[in-house]
Amino acid sequence: AQSVTQPDIHITVSEGASLELRCNYSYGATPYLFWYVQSPGQGLQLLLKYFSGDTLVQGIKGFEAEFKRSQSSFNLRKPSVHWSDAAEYFCAVGQLNYGGSQGNLIFGKGTKLSVKP
Amino acid sequence: NAGVTQTPKFQVLKTGQSMTLQCAQDMNHEYMSWYRQDPGMGLRLIHYSVGAGITDQGEVPNGYNVSRSTTEDFPLRLLSAAPSQTSVYFCASSWDRKNTEAFFGQGTRLTVV
């Protein structure tokens, strides 16, 4: 069965430091991969996505992620974290059901990011 | 542009009560989904729809019903609420089946006592 693992439940970084959030997936075919961010009390907002092509994808708010098929990973990075980046981050893989009529998202359990001043 | 609108934002129910969580989108998206979010569990798919009149079950469908009579609306019904259904519920919509960009509502926080 398809699955997404985010090994880190909670990460704290200092403002201005670099950030890497880890994501590993299990999926038989070429995956569609996403990173979403959720601010407290809010819904989810798409940061970036990978479908095919260049394995380094750029997203909003200065985030990027790299797809590594050999490692089944899709880690999220940011070179310099801002206090406003404090939120919960979810990695997701998109799968198509049998017959391809619908794609559903399978989410990891999330990584909560705290930012120290 | 409202996007995906969920009502209510908060709700407290007694065990055994029924209620409907509303979800509406104004983007003419064919694909809509309901997820529940529980601490440490991420988001899990409850039901989804690929268009008006077509719905299917997701990972955790028990205790929930859905219908899709229009493109815009996708209500989620709890027939007999149980404490295990205490959760935050998110509705999402997408223009395509790959969820190229899924738009999420702000959620409904439901407590069943």
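Considering only the other residues whose Cβ falls under 14 Å of the Cβ of A:ASP8, what net charge follows from Lys and Arg at +1 and Asp and Glu at -1? Walk me through the numbers before you get to the answer.
Details: positive: A:ARG22, A:ARG77, A:LYS109, A:LYS112; negative: A:GLU20, A:GLU88.
Net of charged neighbours comes to +2.
Given q = 0.07 Å⁻¹, what are the Debye log10 I(q)/I(0) values for the protein assembly as shown, with equal point scatterers placed on the Cα positions and solvent ignored?
-0.22
With a Förster radius of 22 Å, plug the Cβ-Cβ distance of B:MET19 and B:ILE54 into 1/(1 + (r/R0)^6) and report the FRET value to the nearest 0.05. Intermediate results must be reported in sequence, preceding the final value.
Details: r = 24 Å, r/R0 = 1.08.
Once rounded, the FRET efficiency stands at 0.40.
Take every Cα pair under 8 Å in chain B that's 6+ residues apart, average their separations, divide by the length, and report that relative contact order as a whole percent.
Details: 299 pairs, mean separation 40.3, N = 113.
It rounds to 36 percent for chain B.
Starting from 0 in steps of 10 Å, tell me what percent of the Cα-Cα pairs of region A:1-51 lands in each bin.
Spelled out bin by bin, region A:1-51 gives 18, 46, 31, 5 percent.
Which number gives the lysine pairs in the protein assembly as shown that have C-alpha atoms under 20 Å apart and are eight or more places apart or on different chains?
So the count of such lysine pairs works out to 12.
Taken together, the values in this text are just the output of simple stated rules run on the coordinates, not laboratory data. Please read these numbers as outputs of a predicted model, since none were measured by experiment. Neighbour counts run over all protein chains shown; Cβ positions are idealised from the backbone, glycine included.
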